[in-house]
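The values are calculated or read from the model by the stated rules, or taken from the named source; none is laboratory data. If you're wondering where the values come from, they're calculated on a predicted model, not measured in any experiment. Heads up, the Cβs are rebuilt from the backbone with ideal geometry, glycines too, and the neighbour counts pull from every protein chain shown. Note: accessible area is taken over every heavy atom of the protein model, side chains too, but ligands, DNA and RNA are not part of it. Shrake-Rupley method; radii C 1.70, N 1.55, O 1.52, S 1.80 Å.
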Amino acid sequence: MKLVYKISLFFLVACFICLSLALGIVYQSSKENLIKSISNALESDVQSRSRHIETYLKMSKSSLIQASRSVMLPRLLKTSPDDSGYQDVLKNATILLKGKKDVDDSVLEYLLLDSSGKVITSTDEVSVGQDESSDAFFLGAQKSVYIKDIYFSPKEKQPLMTISAPIFDGKEGKFLGVLVQKLRLNELVNIVTQRTGLGETGEIYIVNKYGYMITSSHFRNDTILKQKVDTLNAKLALEHKNKGHEKEIHTGVFLNYLGVKCLGAHEYIPELEWRMLAEIAASEAFTPLERMKCSFLWIIFLVSLLSWILGQLIGRFVSRPLEELRKATKIISEGNLDYKSPIYSKDEVGELATSFNEMTQRVASAQKDLARYNEHLEEIIEKRTGLLQVNEKRLSSLNDAFLNFTPDPLKNINLLTELCGENLGATFSRYSRLQDDGFYTIGQWRTPVEYALDKADGSILSDIVKNKRMRNFIVLRDLQKTAYAKTDSNILACGLNTYIGMPVILNGECVGVLSAFYQGHFEPTVDEIKVLGILAAALSVEESRFRSQKELEDQKNALDESCIVAITDVKGRITYVNDKFCQISQYSREELIGQDHRIVGSGYHSKEFMFDLWKTIESGRVWKGNIKNKAKDGSFYWLDTTIVPFLNERGKPFQFITIRSDITKQKVSEEKALEASRAKSQFLPICLMRFVRL
């Protein structure tokens, strides 16, 4: 093969491999980012709508409870139809129910049932006198508010949802009847079917606990209570019935009820055992990737073609001076030493070097163009990723933050402090723990660098301690005009004008204060004070968890320092040993974990002894006694042993903790004393026999 073709082929292969690898990496990264962004958007959307539905149900129940506590309804139920004022009471109660129905478009009908289940009055006169005693909305609401899942009503010829509440005699607490609220599904459907951000193939719908769709479909007609949904997405949502969503992935690729491959997310609504599913066709979700793939293939083809042409040109430039050099070499090899090589006279080597430089410049120019294209492509990807992250942050809510709690209370305290500042629009926020009549900052958010961390008298928090105002919501306004402007250096240094705080109460005692600081004037609303109270209550829980963890850690350290400790499972396999166990047995922790206690068995104890030990602890009782063990070097040691079984909810052991103390010296002393006693008992008879002989 000629050198020209070798050079051209080398350029083609090198360019193809490098370009393919680079674009392949970019494509894979783009694919992962696209899937992540769509998944996050679906998950945020379905969680947001789930919270909306839960709020809607809560408000509907609250409205019904408020109506059930009206004075007119119990009066009607306690008034006999034979009484002279019965019709007036009935009329007033009916007017009340119709008035409440008129202000809510979602309410189809209000029914008032007596204690036998008979309809006394209704916003629809046709229902009066009907016997509803066997209906679930009557039977389920005799003690508390009851929500009857969505069902198809033959009377109204439409699907409905019913909420019912009991009515009691306020004095005697006697059950009088049930107030029933029949709701249309328009509000529920509006929440679910709003299509913002779902594209052409995306949809969100709800499946009830029986697996039937209870909201309308974007692709099929008449699906409510008729379309069975038994997809993997729906099954995974059902698995969340008895557990939360912390650290769980909500999204994935599934087949939907139409058999179409979709990118889906889900959320479980526990009150009615509903499952909200959000799905978008994979073909639509991955359309940008297909376009990108086509663009990359064209780029690879065109750049490879250009590299081949460039290789041809460079190969010719390279081979021409080499050919001249070959000719000159042949002439010189024939013995013509006086031949002046045109290479030297015309400086062909210099021209060859110039050609290489030009080729290098062209290749460098091509690489720079490719690098600029890659940088431009990365900038586009970064911008799109940034936009998606901003949208995700905007869709985040207070409930989403609670789902991100970790087992570490200190991290959760910082997260709650951040939520305080963000939700209340503060300049910065802090959580300070009360210790020895002073405050120590545990959580902070956007605290200025000039904020002084001293605990001198005259600061806001120190005055709160002195004045014992630590059980109520605290607000201080116009701080620049108060005495704190002189006594608290942070007021002027940080330009503060408003302070609000909420005590954190644990076991009836204040353990800290959650504070928000404002450089401007701020007047908290009732809802903002409630939010502050919720965050303070959550901090109380985290403080309790922090103290419990520290107490358990201290107890464990104390036990490890004083005793030889081991934990085994129900089959006797060692799952934990402390350092003292390793020291006395001379085995490492890695050698002991997964083994049973026969690894340190001495063979001293009988089978009956070991059988009695296991029989005792397997029955759930504590065993105490002395056990002789053998160390790794073959030496023996004695342990005063207590084995405590841990029982499950059925009263059966699921693990055992063994607490021991070293009594080897005591046992050795006892054995020496026993040997001395035996020697004495043998020596006296011998002496006596010798004395008799004498």
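I need the full set of residues from the range 252-307 which are at pLDDT 85 or above, open to solvent by less than 40 Å² (accessible area, probe 1.4 Å) and touching a Phe, Trp or Tyr at 6+ places or on another chain (Cβ under 7 Å), in order please.
CYS262, GLY264, ARG275, LEU277
Out of SER164, SER122, SER127, I need the residue that is within 43 Å of the chain's Cα centre (by Cα) and open to solvent by less than 10 Å² (accessible area, probe 1.4 Å). Which one? Lay out the reasoning, then the answer.
Numbers: SER122 fails: within 43 Å of the chain's Cα centre (by Cα); SER127 fails: within 43 Å of the chain's Cα centre (by Cα).
One residue alone meets the criteria, SER164.
Just wondering, is there one or more residues in the range 76-90 that are hydrophobic (A, V, I, L, M, F, W, C) and under 26 Å from LEU272 (Cβ atoms)? Talk me through it step by step, then tell me what you get.
Our first condition is that a residue be hydrophobic (A, V, I, L, M, F, W, C); within the range 76-90, this holds for 76-77, 89-90.
Cutting the leftovers down to under 26 Å from LEU272 (Cβ atoms) gives us none.
Looking through the range 76-90, none of the residues is hydrophobic (A, V, I, L, M, F, W, C) and under 26 Å from LEU272 (Cβ atoms).
Among ARG51, ARG75, which is closer than 30 Å to LEU263 by Cβ and either touching a residue at least 60 places away in the same chain (Cβ under 8 Å) or more than 25 Å from the chain's Cα centre (by Cα) (or both)? Break it down stepwise before answering.
Numbers: ARG75 fails: closer than 30 Å to LEU263 by Cβ.
Exactly one of ARG51, ARG75 is closer than 30 Å to LEU263 by Cβ and either touching a residue at least 60 places away in the same chain (Cβ under 8 Å) or more than 25 Å from the chain's Cα centre (by Cα) (or both), namely ARG51.
In the range 56-73, how many are open to solvent by 20 Å² or more (accessible area, probe 1.4 Å) and within 16 Å of ASP114 (Cα to Cα)?
Step one: filter the range 56-73 for residues open to solvent by 20 Å² or more (accessible area, probe 1.4 Å), giving 56, 58-59, 61-63, 65-66, 69-72.
Filter again for within 16 Å of ASP114 (Cα to Cα), leaving 69-72.
Residues that pass the stated criteria total 4.
Say whether the condition of being assigned to a loop (DSSP other than H, G, I, E, B), open to solvent by 80 Å² or more (accessible area, probe 1.4 Å) and not hydroxyl-bearing (Ser, Thr, Tyr) is met by at least one residue in the range 604-619.
Step one: list which residues in the range 604-619 are assigned to a loop (DSSP other than H, G, I, E, B), which gives 604-606, 619.
Filter once more, keeping what is open to solvent by 80 Å² or more (accessible area, probe 1.4 Å): 604.
If we keep only those that are not hydroxyl-bearing (Ser, Thr, Tyr) as well, we get none.
No; the residues of the range 604-619 include none that is assigned to a loop (DSSP other than H, G, I, E, B), open to solvent by 80 Å² or more (accessible area, probe 1.4 Å) and not hydroxyl-bearing (Ser, Thr, Tyr).
Of everything in the range 206-224, what is open to solvent by 40 Å² or more (accessible area, probe 1.4 Å) and over 14 Å from THR193 (Cβ atoms)? Give them in sequence order.
LYS209, TYR210, TYR212, ASP222
Among the residues of the range 550-601, which ones are open to solvent by 70 Å² or more (accessible area, probe 1.4 Å) and small (Gly, Ala, Ser)?
Of everything in the range 550-601, just one residue is open to solvent by 70 Å² or more (accessible area, probe 1.4 Å) and small (Gly, Ala, Ser), namely SER562.
Considering only residues that are at positive phi and out of contact with any strand residue (DSSP E or B) (no Cβ under 9 Å at 6 or more places or on another chain), look in the range 167-199 and name the one that is surrounded by the most Cβ atoms within 10 Å (Cβ to Cβ).
If we take residues in the range 167-199 being at positive phi and out of contact with any strand residue (DSSP E or B) (no Cβ under 9 Å at 6 or more places or on another chain), then GLY197 is surrounded by the most Cβ atoms within 10 Å (Cβ to Cβ).
Scan SER80, SER84, SER106 and give me the residue that is open to solvent by less than 30 Å² (accessible area, probe 1.4 Å), at pLDDT below 90 and not aromatic (Phe, Trp, Tyr). Step through it out loud before you land on a result.
Working: SER80 fails: open to solvent by less than 30 Å² (accessible area, probe 1.4 Å); SER84 fails: open to solvent by less than 30 Å² (accessible area, probe 1.4 Å).
After ruling out the rest, the residue left standing is SER106.
Evaluate the following for LYS148: is it on the phi < 0 side of the Ramachandran plot, charged (D, E, K, R) and touching a residue at least 12 places away in the same chain (Cβ under 8 Å)?
Yes.
Can ASN190 be described as without any contact (Cβ under 8 Å) to a residue 24 or more places away in the chain, among the polar types (S, T, N, Q) and under 30 Å from LEU96 (Cβ atoms)?
On the way: without any contact (Cβ under 8 Å) to a residue 24 or more places away in the chain: yes; among the polar types (S, T, N, Q): yes; under 30 Å from LEU96 (Cβ atoms): yes.
Yes, satisfied.
Would a scan of the range 666-679 turn up a residue that is closer than 17 Å to HIS597 by Cα and either within 47 Å of the chain's Cα centre (by Cα) or not aromatic (Phe, Trp, Tyr) (or both)? Walk me through how you get there before you give the answer.
Let us first name the residues in the range 666-679 that are closer than 17 Å to HIS597 by Cα, namely none.
No, the range 666-679 has no match at all.
Looking at the range 478-498, which of the residues that are over 17 Å from SER429 (Cβ atoms), out of contact with any helix residue (DSSP H, G or I) (no Cβ under 9 Å at 6 or more places or on another chain) and not aliphatic (A, V, I, L, M) is most open to solvent (accessible area, probe 1.4 Å)?
Looking at residues that are over 17 Å from SER429 (Cβ atoms), out of contact with any helix residue (DSSP H, G or I) (no Cβ under 9 Å at 6 or more places or on another chain) and not aliphatic (A, V, I, L, M), I get LYS481.
Could you list all residues from the range 170-185 that are outside any strand (DSSP E or B) and either at pLDDT below 85 or aliphatic (A, V, I, L, M) (or both)? Full working, then the answer.
Our first condition is that a residue be outside any strand (DSSP E or B); within the range 170-185, this holds for 170-174, 184-185.
Once the filter is applied, which keeps residues that are outside any strand (DSSP E or B) and either at pLDDT below 85 or aliphatic (A, V, I, L, M) (or both), the range 170-185 yields GLY170, LYS171, GLU172, GLY173, LEU185.
When the range 629-666 is examined, which residues are found to be of a type in the set (Lys, Arg), open to solvent by 40 Å² or more (accessible area, probe 1.4 Å) and in contact with a strand residue (DSSP E or B) (Cβ under 6 Å, 6 or more places away or on another chain)?
So in the range 629-666, the residues of a type in the set (Lys, Arg) come out as 630, 632, 650, 652, 660, 665.
Now narrow it down to the ones that are open to solvent by 40 Å² or more (accessible area, probe 1.4 Å): 630, 632, 650, 652, 665.
Across the range 629-666, the qualifying residue is only LYS630.
Any idea which residue in the range 228-241 is nearest to ASN256 (Cα to Cα), counting only those that are open to solvent by less than 40 Å² (accessible area, probe 1.4 Å) and modelled with pLDDT under 90? Lay out the reasoning, then the answer.
Here is the first cut: in the range 228-241, the residues open to solvent by less than 40 Å² (accessible area, probe 1.4 Å) are 229, 231, 233-234, 237, 240.
Cutting the leftovers down to modelled with pLDDT under 90 gives us 231, 233-234, 237, 240.
Working: THR231: 6, ASN233: 8, ALA234: 9, ALA237: 13, HIS240: 19 Å.
Among those residues, the one meeting the criterion is THR231.
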